[in-house]
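No value in this document is a laboratory result; all are computed from the given coordinates. What you are looking at is a predicted structure, and each value in this text was computed from that prediction instead of being measured. Note that we place each Cβ from the backbone using ideal geometry, even for glycine, and neighbour counts take in every protein chain shown.
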């Protein structure tokens, strides 16, 4: 069974296999509910989200956030350290970086300066991971969650993906999957995209908008990592090799030219 | 070249779809069951908007109404009215997305379900030359070094139109169905 709903600013598609149809339906519904729940906690566009609350008051006092938001913050800070500040969820701040985020015990968070956090570069991947965990929890053995290209699967067989070969034809393959790697994300720099919802990516250290001529796909163990790494590969180019090795991920890169050939 | 970083062996995702170019997620009947699992029957109550209603919806929602006809069902469990199921379509980028909105009796959104999604691969799909390239192809490709993948949604479609659709149908509920 395969269902699709708008969420996380894109279309989220969930495919699940199970012999009992109502079990499948319940599991897929639970996975969509989980995604919505995380969106409400981490979206910059929800005024009540953890992220909006943190941005509003965390420089004045300690604030308790959900366990999930705390986890994503921890991972973001780890990547911030690993990349010497290139991956910075505080890039929207006037003044200050992820270094000014202090994670305290019991899911408490405080900022040393007023910051504007944006988890847009990492939270979608996390939501996909959690949706997969929810499906597994409901006893689903084979499933795939695809949130506009951030995808992860559950089960032994990787899903077939459409691979485009130059110049103009497509094939289904499983080649891009690397053994043990069950998650994948693809990022396009914004100026190469013509849809209205195109995202802009920024270099965390210089705060410059990225003008990468490349479309980047990263295959990794979790979708959170894959999601974050696409942007890092975009910034770092070939020097991202060490980081990819360190995080046990693989990147595939291709020039965007010719990719969006819509008239 | 390190095997973990194939700078020249690029790939990008299109989608995890199985075999066709359009994706049908759910039929109308299946979507109805997903939206109202407890329903025992669906009563078809199709509506045709009057010019005045069409204008009122456009004014209220700020979104133009393309069709005056709308397929609407009332979901019942026995005699209990559970809510409304409204079938609709919006333009994604070039093609239609069939979707459905489920509302409770008070007009609160219960579900948004995508039923059909047609333009998974961008406009290349519609070119004859592009389609012809499939003829006779097998999994063994000679051009592996230049392969790439394209994301099913990120590159060509926005779900903004579905969001607009929800807004428009909520106006339709207020102006037409509620009474």
Footprinting proxy, A:3, A:34, A:99: sorted fewest to most Cβ within 10 Å, the residues are A:99, A:34, A:3
Prolate/oblate/rounded label for the range A:50-119 (Cα gyration tensor, a/c 1.5): oblate
Take the Cα radius of gyration of chain A and divide it by 2.2 N^0.38 Å, with N its residue count; two decimals is plenty. 1.01
Could you work out how far apart the two model spin labels at residue A:30 and residue A:84 are, taking each label as a point 7 Å from the Cα in the direction of the beta carbon, and quote it in nm? 4.6 nm
Residues of the range B:66-91 with backbone nitrogen within less than 20 Å of a virtual label 7 Å along the Cα-to-Cβ line of residue B:40, please, listed as ranges. B:73-85
Using only Cα atoms, locate the centre of the range B:26-77 and the centre of the range A:1-57, then give the distance between them in Å, rounded to an integer. 24 Å
For B:99, B:73, ascending order of other Cβ atoms within 10 Å (fewest first) is B:73, B:99
Residue B:160 versus residue B:52, label points 7 Å from Cα toward the beta carbon: distance in nm? 3.4 nm
For A:134-145, A:221-232, ranked highest to lowest by mean beta-carbon neighbours within 10 Å, the order is A:221-232, A:134-145
Order these peptides, A:43-50, A:118-125, by their mean beta-carbon neighbour count within 10 angstrom, highest first. A:118-125, A:43-50
Simple SL model, points at 7 angstrom along Cα→Cβ for residue B:108 and residue A:207; separation in nm is 4.3 nm
If you count, for every residue in B:161-173, the Cβ atoms of partner chains within 10 Å of its Cβ, what is the mean? 1
Peptide-level mean, for A:148-160, of C-beta atoms on other protein chains within 10 Å: 3
What shape does the range A:27-157 have by the C-alpha gyration tensor, where a ≥ b ≥ c are the square roots of the eigenvalues, rounded means a/c under 1.5, and otherwise prolate means a/b greater than b/c and oblate the rest? prolate
